[in-house]
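The values are calculated or read from the model by the stated rules, or taken from the named source; none is laboratory data. None of these values were measured; they are calculated from a predicted model. A quick note on method: Cβ atoms are made from the backbone with ideal geometry, for glycine too, and the neighbour counts reach across all protein chains shown. Surface accessibility is based on the protein's heavy atoms, side chains included, excluding ligands, DNA and RNA. Shrake-Rupley method; radii C 1.70, N 1.55, O 1.52, S 1.80 Å.
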Amino acid sequence: MKLRHWIITVVLGLLTTLSKAETKPNILIILADDVGYGDIPANYPEALVPMPHVERLAQQGVRFLDAHTTSAVCAPTRYSVLSGNYPWRGRRPYGTWHFNGGSQFRQGQVPLPRQLKKAGYNTAMFGKVHLGAHVQPAEPGAPFNEDWTKDPALFDFAQPMVGGPKDLGFDYSFTSPAGIQDKPYAYFEDDLMVGDPETFITWKAGNYPNENGFSKISKKHDGFGVPEWKSNQYAIDMMDKAVAFLERHIEDNKAAGTERPFFMHYCTEAVHVPHSPPKQFFGEAVLGETPSHHLDMLKELDLITGQLIAKLEAEGLLENTLIIF
């Protein structure tokens with residue numbers, strides 16, 4: 001089976017064609033976090049962790065080896081992927097990192113998911129955002145407060161975020177503003193916080209054992225969040241939501257008698273700190289399977305990729321899906 005493995009510039013170049021095509025391909029972007037070029041066995045044969053699912057993409061797809069970046073870190077990369085712009089064309093040249101820093105997109109800029117919606121796509125995002133947004137102020141009518149270090153009581157988390165994934169053009173999203181690395185330690189569904197803000201606690205740096213290994217808060221990243229937060233559960237929760245989205249998408253197409261395509265933007269927490277891999281990821285052992293927790297999360301990243309491919313394959317969607325890793 002042939003997997004087509006393209007990069008985002010190809011997708012942007014195809015937008016005009018897609019809007020006119022009778023059968024549009026599905027699009028899946030898997031955006032990893034803090035993974036080095038040499039971590040991937042397809043790039044470096046002496047890489048420390050086997051990654052057979054990513055290797056399959058490399059072997060059966062197209063590899064792009066002449067790549068350059070003006071800002072090789074997280075937030076500006078995320079903006080570039082969804083805008084097609086250099087980072088400095090956004091609101092801040094170095095990206096917008098914090099959940100309450102305003103959107104990185106300038107007024108008038110059209111994000112990729114919004115363009116794809118115009119082309120008939122069902123759009124969804126999962127995982128880490130790091131593109132900024134605004135939380136509504138607790139005091140009605142007060143201006144947005146961009147000081148993200150302030151007491152959470154100043155914010156109204158019972159209201160949807162402004163400038164989050166929904167405003168970027170995603171029909172559905174299940175995300176966290178900063179992955180597992182920073183506050184608020186909570187999930188957001190369609191830009192609305194999951195859980196009760198009244199139960200917020202302050203998470204201190206350290207390890208927190210649980211039934212699937214341990215959750216962790218990084219040094220210098222103390223902060224507020226829901227008491228149910230588990231960093232080692234993150235990838236499992238995101239995968240459950242992504243699979244559920246695909247199943248709803250398929251059922252909706254059947255009910256409508258259409259073949260509407262989907263665009264999924266899947267942003268992993270792996271392999272960013274705090275390194276807290278689960279014991280098990282859908283039946284596969286992860287924690288302790290490599291020389292370090294950091295490398296365990298490389299294995300988890302490969303399993304995430306494999307789980308998404310397997311679901312597409314099982315539903316008969318793989319042949320008509322562009323996968324960008």
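Residues that are in contact with a Pro (Cβ under 8 Å, 6 or more places away or on another chain) and closer than 26 Å to Y234 by Cβ number at least 2 in the following helices (runs of 4 or more DSSP H) confined to the stretch 51-149: 52-60, 74-83. The residue that is farthest from the chain's Cα centre (by Cα), counting only those in the stretch 34-52 that are closer than 21 Å to H275 by Cα and open to solvent by 50 Å² or more (accessible area, probe 1.4 Å), is L48.
Within the stretch 186-213, residues that are of a type in the set (D, E) reach partners that are open to solvent by 40 Å² or more (accessible area, probe 1.4 Å) and modelled with pLDDT of 95 or more with beta carbons closer than 6 Å, at six or more positions or on different chains, in the pairs D190/K166; D191/P160; D191/K166.
Scanning the stretch 113-171 for residues that are in contact (Cβ under 8 Å) with a residue 40 or more places away in the chain, small (G, A, S) and over 17 Å from D191 (Cα atoms) turns up A119, G120.
None of R91, R78 is in contact (Cβ under 8 Å) with a residue 40 or more places away in the chain and more than 23 Å from V35 (Cβ to Cβ) except R91.
Scanning the stretch 276-307 for residues that are in contact with a helix residue (DSSP H, G or I) (Cβ under 7 Å, 6 or more places away or on another chain) and either open to solvent by 70 Å² or more (accessible area, probe 1.4 Å) or among the hydroxyl-bearing types (S, T, Y) (or both) returns S276, F282, E284, E289, T290, T305.
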